[in-house]
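The values are calculated or read from the model by the stated rules, or taken from the named source; none is laboratory data. Treat the numbers as computed from the prediction; the structure is a model and nothing was measured. Every residue, glycine among them, receives a Cβ derived from its backbone with ideal geometry; neighbour counts consider all protein chains shown.
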Amino acid sequence: MASTTASTGSSSFHNTHSNNYEKMASNCTLSVAKIALTDPIFNSFPITPSSYILDNACGTGIVTSLIKSRQPNVRVLGADLAPGMIETYKEKTARQGWENVESKVVDSRKLEGVEDGVFSHVVTNFGLTSGTEDKESTQKIAKEIWRVLGDGGVAVVTTWAERNFTDALAAAALSIRPTEKPFAWDIPDEWARGSWLMKQLEDAGFGNCVTVKRVEGRMEAASLEELVDNMMGVKDVFYKGYSEEEVSRLPAVLKEKVRNLKAYDEIEESVGIKMVAWVGFAWK
Ligand SMILES: C[S@@+](CC[C@H](N)C(=O)[O-])C[C@H]1O[C@@H](n2cnc3c(N)ncnc32)[C@H](O)[C@@H]1O
C-alpha cells in the first residue's frame, strides 16, 4: 500500500511547482493576504517611503504584489528557500517593473545575512507551517521574525484553520481506490488552532503584543472545470503511483466531490471553496 501521509508543501514541493503555484493556489493565499494587509491593526503601522518590508517565504510574490500596488517605491525583500520560487519571483519583479525589490534564497528558520531589527513590516503568508519535516521549524521561524523586526514594527503571520479542498481530494481518492487510505499531509492538528498561532508569536518574543483573528478566504476559478484542473496540480503528491487510467478518471470524480463540499460556492462569475485562516499580528 502506498504511503498515506507526507509533509505538507515543503520547499522542494514548491521548488518543483513554482511555475504552476499560482494556478494551484487559485487565489487562496492571495484572498487571505488581502484581508490581512487591509486590517486596521496592519494599517496602524502605515507603510511609508522609508519602510522596509520582508515578504517571508514569499513564493511567487503574492504579498509583494499587494504591497507594490499600494506603495510602488517601498523597499521589499522577498525571501524563500525554494530557488524555483525565487526565480519566478525575479521574473515577476522584472515583468512588473518593481523598483527597490531584492530577493534571496534563504531559510526562514535562519535568515542568514539578515541583520537584527532591519524591517518595519514582516509578512509571512502561509510560510510558518509550510515545512513539517522539522516540527521545531515553526518556533524557529517565529523567533527569526521577531529578531529581524525593528522596534515600532509589525509582523503578520497567517496559517490555515480549515483547508476544505483536501476533503474533496481525499473523497476522490477513495472513489478511485476504495480500499486504500487516501494521502494526507502530516500536519499536527494543533497547527490549525488560533491559540497555537498566538503561542508561537508570544513565545518568539512578542509576549503580550499579539492578536489573532479568524478570517474567511477562498480558492476560486472561473468555472468548476478550471478549479478542478487547478487542483489536479497536486496529483503527483495526492495521487502518487496512480495509473494513467486512474488519473484520467480523476477530474470527473473530483468535480463531483468539490460540488458536494459544504464549503463549495458559486458567486457571480466564479466558483470556489471557502477556506478559513488565522491572521496573527504581532508588534514590537
Ligand atoms: C504556501 S507557500 C506561500 C507562498 C506565498 N507567501 C503566498 O502567499 O502564496 C509556502 C512557501 O514557503 C516556502 N518555504 C517552505 N519552507 C521554507 C523555509 N524553511 N524557508 C523559507 N521558505 C520556505 C515554500 O518554498 C513556499 O514558497
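A few comments on the model shown:
- Residue in the stretch 169-183 that is more than 30 Å from residue 284 (Cα to Cα), under 21 Å from the mean Cα position of the chain (by Cα) and not in a helix (DSSP H, G or I) present: yes
- Of all residues in the stretch 105-126 being under 18 Å from the mean Cα position of the chain (by Cα) and of a type outside the set (A, V, I, L, M, F, W, C), the one that is farthest from the ligand (Cβ to nearest atom): 121
- Residue-level check: of (1) at pLDDT 95 or above; (2) closer than 25 Å to residue 230 by Cβ; (3) of a type in the set (A, V, I, L, M), residue 54 misses just (2).
- Hits in the stretch 18-42 (condition: in contact with a helix residue (DSSP H, G or I) (Cβ under 6 Å, 6 or more places away or on another chain), outside any helix (DSSP H, G or I) and either within 12 Å of the ligand (Cβ to nearest atom) or of a type in the set (D, E, K, R) (or both)): 18, 26, 37
- Restricting attention to the stretch 240-284, the residues that are at pLDDT below 95 and on the phi > 0 side of the Ramachandran plot add up to 1.
- Among the candidates 120, 175, residue that is surrounded by fewer than 17 Cβ atoms within 10 Å (Cβ to Cβ) and either touching a residue at least 24 places away in the same chain (Cβ under 8 Å) or touching a Cys at 6+ places or on another chain (Cβ under 7 Å) (or both): 175
- Residue, nearest to residue 21 (Cα to Cα), within the stretch 78-101, restricted to residues that are buried (at least 20 other Cβ atoms within 10 Å of the Cβ) and aliphatic (A, V, I, L, M): 85
- Flag for residue 108 being farther than 24 Å from residue 278 by Cα and either in contact (Cβ under 8 Å) with a residue 24 or more places away in the chain or buried (at least 21 other Cβ atoms within 10 Å of the Cβ) (or both): no
- Number of the condition not met by residue 132 [criteria: (1) modelled with pLDDT of 95 or more; (2) surrounded by fewer than 24 Cβ atoms within 10 Å (Cβ to Cβ); (3) within 14 Å of the chain's Cα centre (by Cα); (4) on the phi < 0 side of the Ramachandran plot]: (1)
- Residue that is nearest to the ligand (Cβ to nearest atom), among those in the stretch 127-144 that are in a helix (DSSP H, G or I) and among the β-branched types (Val, Ile, Thr): 141
- The stretch 26-42, residues that are within 15 Å of residue 55 (Cβ to Cβ) and of a type outside the set (Phe, Trp, Tyr): 29, 30, 32, 33, 34, 36, 37
- Where strands (runs of 3 or more DSSP E) sit wholly within the stretch 191-284, those with at least 3 residues that are in contact (Cβ under 8 Å) with a residue 12 or more places away in the chain and in contact with a helix residue (DSSP H, G or I) (Cβ under 8 Å, 6 or more places away or on another chain) occupy 210-221, 270-283.
- Flag if residue 158 is within 21 Å of residue 48 (Cα to Cα), within 10 Å of the ligand (Cβ to nearest atom) and not small (Gly, Ala, Ser): no
- Residues satisfying the stated conditions in the stretch 43-66, i.e. surrounded by fewer than 20 Cβ atoms within 10 Å (Cβ to Cβ) and within 11 Å of the ligand (Cβ to nearest atom): 65, 66
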